[in-house]
Amino acid sequence: MTWGKSVLIALDQLANALFMGWPDETVSSRSWRWHVSGVRHWPCRVLDCIFGPDHCRESFESEWQGRQLPPEARRRQVLEGYQGGLVLRQKWEDFAQYLFETVLRDLPKSERFTMGADIRRILWDVQAACVQLSLYSGPRRQLLNAVDVQSKVLESIVKTGIRIKAIPQKRESVVAEKIAEIGRSVGGLLKVRQ
């Protein structure tokens, strides 16, 4: 990074701090967070028109990945996030294997193409999010929230299956335990991101 670009980024962070933002965040990154969360869309649109398409998203991802940090600090942050994403991915794959080998295989024919299809869809959607997390592609917080929400939806589907007697009662405790473990991993990764 050149000296001039470093000074411009520092002034950008100062402007953000003056407007009551985080002191180590640029206006572009803050605008992207606002855009994604639905708070305000116009700052992101204006900055993207001035600096080029996807400028705000790229600024956010650059800051999230720690590209503004010295190389020593950057390696540590990237390694923690990468390992955390891999751990979550492995836990989800183990959980998916359990569901395929026990719950989905034993579903009655009447539920195999309805409830079974819903379970499979969620398993693959969350698997895709976990792969993105481990590869550092996509908005991390959104992906982590999607994993958390989808795993809770999956737990709800399994509980419904137990209530209508399509899934044996003995599966409930294992599913609840595995989803709680995944939830703890997601919570830990969310804390690392803050």
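Results, tabulated for the structure shown:
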item: Positions within region 41-67 being at pLDDT 90 or above and of a type in the set (Lys, Arg), in sequence order; result: Arg45
item: Every residue from region 35-63 that is farther than 18 Å from Met1 by Cα, of a type in the set (Gly, Ala, Ser) and part of a helix (DSSP H, G or I); result: Ser37
item: Which listed residue, of Val186, Val131, Val147, Val175, is assigned to a helix (DSSP H, G or I), over 16 Å from the mean Cα position of the chain (by Cα) and surrounded by 13 or more Cβ atoms within 10 Å (Cβ to Cβ); result: Val175
item: Test: residue in region 134-141 that is under 16 Å from Tyr98 (Cβ atoms), surrounded by fewer than 20 Cβ atoms within 10 Å (Cβ to Cβ), in contact (Cβ under 8 Å) with a residue 12 or more places away in the chain and outside the structural domain of Ser29 (by TED's automatic domain parsing); result: no
item: Evaluation of Glu25 against (1) charged (D, E, K, R); (2) under 26 Å from Leu189 (Cβ atoms); (3) assigned to a helix (DSSP H, G or I) (one fails), failing number; result: (3)
item: Residue in region 130-142 that is at pLDDT below 90 and basic (Lys, Arg) present; result: yes
item: Leu88, sole failed condition from (1) surrounded by 15 or more Cβ atoms within 10 Å (Cβ to Cβ); (2) at pLDDT below 80; result: (2)
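The rows are residues; the columns are (1) under 15 Å from Val147 (Cβ atoms); (2) of a type in the set (Lys, Arg); (3) touching a strand residue (DSSP E or B) at 6+ places or on another chain (Cβ under 7 Å).
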residue: Gln97; (1), (2), (3): no, no, no
residue: Thr102; (1), (2), (3): no, no, no
residue: Asp106; (1), (2), (3): no, no, no
residue: Ser110; (1), (2), (3): no, no, no
residue: Gly116; (1), (2), (3): no, no, no
residue: Arg121; (1), (2), (3): yes, yes, no
residue: Trp124; (1), (2), (3): yes, no, no
residue: Ala128; (1), (2), (3): yes, no, no
residue: Leu133; (1), (2), (3): yes, no, no
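The values are calculated or read from the model by the stated rules, or taken from the named source; none is laboratory data. What you are looking at is a predicted structure, and each value in this text was computed from that prediction instead of being measured. Heads up, the Cβs are rebuilt from the backbone with ideal geometry, glycines too, and the neighbour counts pull from every protein chain shown.
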